[in-house]
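Asker: I am attaching a structure below and will ask some questions about it afterwards.
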Amino acid sequence: MQWVLAYNRGMITVAAVSSFLEQWAAPDLAADWDNVGLQIGTRHAEVTEIVIAMDADDVVLDYLKDKQQVLVITHHPLFFKGLKQLRYDQEMGRIVRTFITGDHCLYSAHTNLDAAEGGVNDCLVQAYGLDPKQGAIISAGFGKVFTGLDLEFRTFLKTHSCIQEGARFDTPVQKVAFCCGSGHGFIQNVIDLDCDTLVTGEINYHDHLRCQMNGVRVLRLGHKESEVFVLAEIKARLADIFPEVPCHILI
């Protein structure tokens, strides 16, 4: 395996780390519209430190300004659309300039990590005390449904900070769906499966109305808040394989 060979040579490269990550979250699991993988840099670069974050934001940029050769692993990709200009006085230009001048690399695992076993969605499920392996996979792996439950709703509601939307009733949670990030494209699945509860990051106003009219309670955590649980899992897996490389989570 590529990452094993790189590891045994004594130098950790971006290729080694990315190959290891892609054994866990294969790029072909990603949605067609997504842009996963290496965003900035080269696979041959040496990795002296790893930073894990949701986005390449100001917190990450501030951390990198006095560093060299850091591999930043984000959940959300930097690039989705073609660039027409790259101005250093605007956010995209500042991000790219920081990475290039510091010889840093940027790698993103997005919807492929959402759908992967032990990935973003499974970490959300575990945060609610359920075993991901007991859930049924739906929507190409981007969601999971659990049936045959009998969970007191008010206790379930308070598991993590959230806003309750959709329907309003306090009967036990018997059939719950989980969808990290945006649950917008997931609503019809939830209705068709007759779920009484949906845990997700965000929905829009019309999703809220549809859930309200179809008897689905929605626990809306916030987009980032529903996905952040996976950062610790990424760090744990990397630390196990590359223990000599310092690894930090930035939120």
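Asker: Please verify whether the range 95-109 includes one or more residues that are more than 28 Å from residue 233 (Cα to Cα) and among the charged types (D, E, K, R).
Answerer: yes
Asker: Now for a different question. If you check every pair at least six apart or on different chains, which have Cβ atoms under 9 Å apart with a residue in the range 164-175 that is assigned by TED's automatic domain parsing to the domain that holds residue 201 and more than 12 Å from residue 218 (Cβ to Cβ) first and a residue that is outside any loop (DSSP other than H, G, I, E, B) and of a type in the set (Val, Ile, Thr) second?
Answerer: What qualifies is 173/197; 174/197; 175/145; 175/197.
Asker: Another question about this same structure. List, please: which pairs have Cβ atoms under 6 Å, are six or more places apart or on different chains, and start with a residue in the range 9-23 that is in the same structural domain as residue 233 (by TED's automatic domain parsing) and end with one that is modelled with pLDDT under 95 and surrounded by fewer than 21 Cβ atoms within 10 Å (Cβ to Cβ)?
Answerer: 16/3; 16/7; 19/2; 19/3; 20/3
Asker: Let me ask something else. With the condition kept exactly as written, say whether any residue in the range 83-92 is among the hydrophobic types (A, V, I, L, M, F, W, C) and within 22 Å of the chain's Cα centre (by Cα).
Answerer: yes
Asker: Any idea which of 38, 61 is hydrophobic (A, V, I, L, M, F, W, C) and without any contact (Cβ under 8 Å) to a residue 60 or more places away in the chain?
Answerer: Testing whether each residue is hydrophobic (A, V, I, L, M, F, W, C) and without any contact (Cβ under 8 Å) to a residue 60 or more places away in the chain leaves just 61.
Asker: Please give the strands (runs of 3 or more DSSP E) falling wholly within the range 32-114 in which 3 or more residues are outside the structural domain of residue 16 (by TED's automatic domain parsing), modelled with pLDDT under 95 and in contact with a helix residue (DSSP H, G or I) (Cβ under 9 Å, 6 or more places away or on another chain).
Answerer: In the range 32-114, there are no strands (runs of 3 or more DSSP E) which contain 3 or more residues that are outside the structural domain of residue 16 (by TED's automatic domain parsing), modelled with pLDDT under 95 and in contact with a helix residue (DSSP H, G or I) (Cβ under 9 Å, 6 or more places away or on another chain).
Asker: Going residue by residue through the range 100-115, is there one that turns out to be of a type outside the set (Gly, Ala, Ser), touching a Ser or Thr at 6+ places or on another chain (Cβ under 7 Å) and under 30 Å from residue 213 (Cα atoms)?
Answerer: Within the range 100-115, not a single residue is of a type outside the set (Gly, Ala, Ser), touching a Ser or Thr at 6+ places or on another chain (Cβ under 7 Å) and under 30 Å from residue 213 (Cα atoms).
Asker: Would it be correct to say that residue 230 is under 12 Å from residue 143 (Cβ atoms) and not basic (Lys, Arg)?
Answerer: Criteria not met by residue 230.
Asker: Residue 236 is checked against (1) within 17 Å of the chain's Cα centre (by Cα); (2) among the small types (Gly, Ala, Ser); (3) assigned by TED's automatic domain parsing to the domain that holds residue 129 and fails just one. What number does that condition carry?
Answerer: (3)
Asker: Here is a follow-up. Can you tell me which residue in the range 21-31 is surrounded by the fewest Cβ atoms within 10 Å (Cβ to Cβ), limited to those that are of a type in the set (A, V, I, L, M) and not in a loop (DSSP other than H, G, I, E, B)?
Answerer: 29
Asker: Is it the case that the range 168-183 has a residue that's over 25 Å from residue 52 (Cα atoms) and either of a type in the set (Gly, Ala, Ser) or within 21 Å of the chain's Cα centre (by Cα) (or both)?
Answerer: Yes, that holds for at least one residue.
Asker: Taking residue 64 as the residue in question, decide whether it is within 30 Å of residue 153 (Cα to Cα) and of a type outside the set (Lys, Arg).
Answerer: No, not satisfied.
Asker: Provide a single number: the residues in the range 131-155 that are without any contact (Cβ under 8 Å) to a residue 60 or more places away in the chain, over 30 Å from residue 27 (Cα atoms) and buried (at least 16 other Cβ atoms within 10 Å of the Cβ).
Answerer: Going through the range 131-155 one residue at a time, the tally reaches 1.
Asker: So, residue 92, is that one surrounded by 15 or more Cβ atoms within 10 Å (Cβ to Cβ), free of Cβ contacts under 8 Å to residues at least 24 places away in the same chain and hydrophobic (A, V, I, L, M, F, W, C) or not?
Answerer: Answer is yes for this residue.
Asker: Let me ask something else. Look at residue 188 and say whether it is loosely packed, with under 15 Cβ neighbours inside 10 Å and more than 20 Å from the chain's Cα centre (by Cα).
Answerer: yes
Asker: Okay, moving on. Please verify whether residue 28 is within 19 Å of residue 229 (Cα to Cα), out of contact with any helix residue (DSSP H, G or I) (no Cβ under 6 Å at 6 or more places or on another chain) and among the acidic types (Asp, Glu), treating the condition exactly as stated.
Answerer: no
The values are calculated or read from the model by the stated rules, or taken from the named source; none is laboratory data. Just so it is clear, the model here is predicted, and its values are computed rather than measured. When we count neighbours, we look across all protein chains shown, and the Cβ atoms used for this are built from the backbone with ideal geometry, even at glycine.
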